[in-house]
Amino acid sequence: MQHYSDEDILALYRDEGSRNMALHHLIKKYQQKLYWHIRKIVISHDDTDDVLQNTFIKVWKGLINFKEESQLYTWMYRIATNESLTFLKQKARANTTSIHSIEYQLSKSLESDSFFSGDEIQLKLQNAILTLPEKQRLVFNMRYYDEMPYEQMSEVLETSVGALKASYHIAAKKIEELIINH
Amino acid sequence: MSHNEDHNFNNEPNFSFENKGKIPFGLPSDYFASFEEKIKLKLELENELTEFPLLNSISKGPVFKVPLNYFTENYTAMECQAELAFYKKLQTIKKPVFNELEIEYAHSLNQSINHKIELANELKDYQTLYHLDKTNPFVVTEDYFETFGMRVKDKIYSSHDKSVSVFDIIAEFIFNKKMAFAFTVIAIIGLSIYLYQSTKPIPISHCETLACLEKLEIINHSSFSNLDDDQLIEMVNIKTLNKQLQSTISQSDSTEHEQYILDNVNTDQLLEEL
């Protein structure tokens, strides 16, 4: 299958006749990357599916206003991140509990999740990640799993590179301690 | 008979055995017989070229080159072919032709290798994380990504296809969150103004009569309850009050006179007088 660059997709979008193709290639290109990014935040597969659908719908509706000041990928990543965090907050509100309690619940649900195939150490790692504050959790996942450069991460999270590096090291240190001590 | 015994170490053809033990080199049998012919041919060619000085000045050295390792690779290819000769089925399969890599790819590859090194170096401080397998522990349902695109497209296009009536547009405009917020704000402001106006005391300086003051007293009960007698008296316009009292007295006088006539005068007398 032909590989479509962001420029190609945007060009297809601008032409009314090929807009449907643009949507097709946009989803094909980014569905997996965004899925795994969202999944590591909301943990459950079903919740991830909902958030991912909403993300693509928002992206599609907002594409007309996309100014190309940032890369399409980082823009989509930002939307996916915001959607995921909003989802967690809404879930906490619906359960009349705090966001920390939701993270604790997510950590507990991992053990019985049929869509989690990790071994004991992977489970420990995920539980340790879930104890981190929201921002550190995002930074750690984006750096450790997605291997995203700090510059790109800076665009997504709208934070300076220095602050992101500090966040990552604090997060890694905490996780290291949690894995060793539990 | 072996060649070595004859000192023919290079296995040269037409090795002469006549001078065995003296000259260990061989010659083609007709070498000297054809030598004169060869010299004549060379001279003839050179003579021919003298007529063309430009051509004669150009060196006759080899000008074409072959790619580096061409002959070695060719040999390797032939060797591979010879090996494949034993495997008839493999021979029938056409080998794929790979395109040359783009320069950009080499650049991005360099960048990604550096990035990987950077990531690994970062994790070296955290030995547990460093030695941990980085595999993704989450899984998805089978065919999830194959069907996902269709589901999103359905959602997007189903929202587009809905026929929207003018009433719906107006209703949506009126009952959307922003409008609801705006209406609420307007209602709160309106109610506040109304309540403020209704509790605001009527300016006392405009009131110049007792009746007005009485009315005001009812309306602005709270305001008047705080006033003492002197303040109330000060508010009364004495001139206007006098005038009003005079007119009231005169009115009551005329009314009494009319009543006296009605009581004391006979109707017949009145008719006669008329």
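Applied to segment B:38-51, the Karplus parametrisation 6.51 cos²θ - 1.76 cosθ + 1.60 on θ = phi - 60° returns per-residue 3J(HN,Hα) values of 5, 5, 4, 4, 4, 4, 4, 4, 5, 4, 4, 6, 4, 6 Hz, with x for Gly and Pro. Applying a threshold of 29 Å to the alpha-carbon distances of A:Lys28/B:Lys124; A:Lys58/B:Lys177; A:Lys61/A:Lys108 flags A:Lys28/B:Lys124; A:Lys61/A:Lys108 as lying beyond it.
Taken as Cα centroids, segment B:166-193 and segment B:20-77 sit 102 Å apart, rounded to the nearest whole angstrom. Here the contact order of chain A, divided by its residue count and restricted to Cα pairs under 8 Å and six or more residues apart, works out to 18 percent. Taking label points 7 Å from Cα along the Cα-to-Cβ direction, B:Leu55 and B:Lys38 give a separation of 2.4 nm. Place a point 7 Å from Cα of A:Asp50 in the direction of its Cβ. Which residues in segment A:13-43 have their backbone N less than 11 Å from it? Output list for this probe position: empty. Membrane-span-like helices in chain A (whole DSSP H runs, Cα extent of at least 27 Å along the helix axis, mean Kyte-Doolittle hydropathy of at least -0.5): A:72-94, A:161-181.
Computed about the Cα centre, the dipole magnitude for segment A:1-98 is approximately 360 debye when only Lys and Arg (+1) and Asp and Glu (-1) carry charge, each at its Cβ. Report summary: the helix-based calculation at 222 nm, which adds -39500 (n - 2.57) for every DSSP H run with n ≥ 4 and divides by the residues of chain A, gives -24500 deg cm²/dmol.
Computed from the C-beta positions of B:Ile238 and B:Ile189 and an R0 of 45 Å, the FRET efficiency is 0.55 to the nearest 0.05.
Legend: distances between Cα atoms for A:Lys67/A:Lys165; A:Lys91/B:Lys178; A:Lys91/B:Lys116; pairs beyond 32 Å are A:Lys91/B:Lys116.
Approximating the spin labels as points 7 Å out from Cα along Cα→Cβ, the B:Ile170-to-B:Tyr31 distance works out to 11.7 nm.
With each label modelled as a point 7 angstrom along the Cα→C-beta vector, the A:Thr96-A:Arg19 pair spans 4.5 nm. In segment A:48-65, which residues have a backbone nitrogen under 17 Å from the label point lying 7 Å from B:Tyr157's Cα in the Cα-to-Cβ direction? Residues A:57, A:60-61 fall inside that zone.
Would you please state which residues of segment B:55-75 a label at B:Glu46 would reach in this model, taking the label point 7 Å out along Cα→Cβ and a backbone N cut-off of under 16 Å? Taking a point 7 Å out along Cα→Cβ of B:Glu46, the residues of segment B:55-75 whose backbone N falls under 16 Å are B:56-61. Interface of B with A. Using a 1.4 Å probe and counting protein heavy atoms only, the two chains hide about 3700 Å² of accessible surface, both sides summed.
Using the Cα gyration tensor of segment A:29-173, with a ≥ b ≥ c the square roots of its eigenvalues, what is the shape: rounded (a/c below 1.5), prolate (a/b larger than b/c) or oblate (neither)? Note, shape of segment A:29-173 comes out oblate. Between B:Asn69 and A:Ala11, the FRET efficiency from the beta-carbon distance, with R0 = 56 Å, is close to 0.80. In this structure, B:Phe98 and B:Ser198 have a Cβ-Cβ separation that, at R0 = 51 Å, corresponds to a calculated FRET efficiency of about 0.05. Relative to the compact-globule estimate of 2.2 N^0.38 Å, the Cα radius of gyration of segment A:1-98 comes out at 1.17.
Counting only the Cα atoms, segment A:118-182 fills a convex hull of 72 Å³ per residue. When you count the other C-beta atoms within 10 angstrom of each residue and take the mean per peptide, B:81-88, B:241-248, B:122-129 line up highest first as B:122-129, B:241-248, B:81-88.
The values are calculated or read from the model by the stated rules, or taken from the named source; none is laboratory data. Bear in mind that the values here come from a model prediction, so they are computed numbers and not experimental data. Glycine gets a Cβ as well: all are built from the backbone with ideal geometry, and neighbour counts include every protein chain shown. Calculation scope for accessible area: heavy atoms of the full protein, side chains included, ligands and nucleic acids excluded. Shrake-Rupley method; radii C 1.70, N 1.55, O 1.52, S 1.80 Å.
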